[in-house]
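Notes for the one structure printed next.
The values are calculated or read from the model by the stated rules, or taken from the named source; none is laboratory data. Being a predicted model, the structure only gives us computed values, none of them experimental. Here Cβ is always computed from backbone atoms with ideal geometry, including for glycine, and neighbour counts include all displayed protein chains. Surface areas here come from the heavy atoms of the whole protein model, side chains and all, with no ligands, DNA or RNA. Shrake-Rupley method; radii C 1.70, N 1.55, O 1.52, S 1.80 Å.
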Amino acid sequence: MSELTTTQPAGTPTWIDLGIPDLDRAMTFYGALFGWEFDVGPAEFGHYTQCLLRGKPVAAIRPNPDPDATDFWWNVYFATDDCDAAAARARDAGGAVITGPMDVLDQGRTAIIKDTTGAQCGLWQADAHIGCEIVNEPNTLLRNDLVTAEPGPARDFYVAVFGYTLDAGPDMPELDFTFLRRPDGHEIGGIAGDPKATKSRWGTLFQVDDADAAAQRAVDAGGTSAEPYDIIYGRVANITDPFGTEFDVGAAMTS
């Protein structure tokens with residue numbers, strides 16, 4: 001188990017949330033897929049709903065405030081000790097600040113930024129809400145990787161904002177993949193260069209016990225799944241929820 005009680009170090013993916021058109025349908029789908037329970041927030045806070053595992057928050061979903069929205073994705077928030085300074089670095093590095101920085105009650109301070117390739121992510125300076133309280137175990141967040149047709153500018157941007165160091169991916173020489181490491185050397189994700197990518201976006205990978213079984217649960221709950229496949233790190237399936245949100249599930253390779 002990987003339960004957290006303190007704030008993650010700066011630069012670590014610390015929280016994820018998703019805005020969708022139908023909260024009830026989303027809870028039915030993600031509850032069936034991951035076994036989550038839900039704490040629905042009040043109307044004055046947009047029904048921002050905590051997704052819970054063993055009673056601890058692991059993600060959030062909410063009704064999308066844009067009734068015309070057709071594109072949905074899991075948004076990742078990176079921990080920061082100073083949201084305003086991180087947002088300023090993003091702007092100085094050629095990115096944009098979409099919203100904030102702003103306080104979220106007593107929970108923390110946040111901003112949404114866009115990098116130089118057009119990918120969006122969030123910043124989270126924790127106060128009462130530290131972010132995901134369980135990670136790196138089945139039915140929780142495992143990792144986030146950026147897929148982009150412009151990996152060079154993306155690498156430069158995230159180094160400038162978070163002080164990452166870069167590492168090549170020798171295990172997959174056929175791919176243009178760069179590991180991102182915090183200043184303490186801990187790997188937090190990566191940047192995948194894909195010349196066929198039509199947009200830049202941070203992807204979300206949830207850990208599961210069995211990728212094939214999770215893919216079937218997703219289909220049974222009204223989503224779709226590509227055929228699960230093996231990589232050197234385990235077995236992975238690409239899932240699409242009932243609203244068109246794509247994400248991945250992955251299980252460790254069994255002998």
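Summary of computed values
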read-out	value
Verdict on residue 49 being over 25 Å from residue 246 (Cβ atoms), touching a residue at least 12 places away in the same chain (Cβ under 8 Å) and either in contact with a His (Cβ under 9 Å, 6 or more places away or on another chain) or not aliphatic (A, V, I, L, M) (or both)	no
Number of the exception - residue 79 against (1) of a type outside the set (Val, Ile, Thr); (2) within 15 Å of the chain's Cα centre (by Cα); (3) surrounded by fewer than 22 Cβ atoms within 10 Å (Cβ to Cβ)	(3)
Single match in 71, 92 (criterion: out of contact with any strand residue (DSSP E or B) (no Cβ under 6 Å at 6 or more places or on another chain), touching a residue at least 24 places away in the same chain (Cβ under 8 Å), within 19 Å of residue 245 (Cα to Cα) and among the acidic types (Asp, Glu))	71
Those strands (runs of 3 or more DSSP E) lying entirely in region 60-165 with at least 2 residues among the polar types (S, T, N, Q)	120-126, 140-148
In region 209-222, residue most open to solvent (accessible area, probe 1.4 Å) [restricted to those that are within 24 Å of residue 21 (Cβ to Cβ) and assigned to a helix (DSSP H, G or I)]	220
Any hit, region 47-63, residues being farther than 21 Å from residue 205 by Cβ, of a type in the set (Gly, Ala, Ser), open to solvent by 10 Å² or more (accessible area, probe 1.4 Å) and touching a strand residue (DSSP E or B) at 6+ places or on another chain (Cβ under 6 Å)	no
Yes/no for residue 197 being part of a helix (DSSP H, G or I) and touching a residue at least 12 places away in the same chain (Cβ under 8 Å)	no
Of all residues in region 94-116 being touching an Asp or Glu at 6+ places or on another chain (Cβ under 7 Å) and surrounded by fewer than 23 Cβ atoms within 10 Å (Cβ to Cβ), the one that is farthest from residue 200 (Cα to Cα)	106
Failed item, numbered, when residue 241 is tested on (1) open to solvent by 40 Å² or more (accessible area, probe 1.4 Å); (2) among the charged types (D, E, K, R); (3) within 28 Å of residue 69 (Cα to Cα)	(1)
Selection status of residue 219, aliphatic (A, V, I, L, M), touching a strand residue (DSSP E or B) at 6+ places or on another chain (Cβ under 6 Å) and closer than 21 Å to residue 135 by Cα	no
Pairs, first of a type in the set (A, V, I, L, M) and in a strand (DSSP E or B) in region 230-254, second modelled with pLDDT under 95 and surrounded by fewer than 18 Cβ atoms within 10 Å (Cβ to Cβ), C-beta under 6 Å, six or more apart	251/234; 252/234
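Yes/no per residue for (1) modelled with pLDDT of 95 or more; (2) under 30 Å from residue 34 (Cα atoms); (3) open to solvent by less than 60 Å² (accessible area, probe 1.4 Å):
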residue: 176; (1), (2), (3): no, no, no
residue: 190; (1), (2), (3): yes, yes, yes
residue: 224; (1), (2), (3): yes, yes, no
residue: 230; (1), (2), (3): no, yes, no
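Every residue, every condition in (1) hydrophobic (A, V, I, L, M, F, W, C); (2) at pLDDT 95 or above, yes or no:
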{"residue": "2", "(1), (2)": "no, no"}
{"residue": "26", "(1), (2)": "yes, yes"}
{"residue": "37", "(1), (2)": "no, yes"}
{"residue": "48", "(1), (2)": "no, yes"}
{"residue": "67", "(1), (2)": "no, no"}
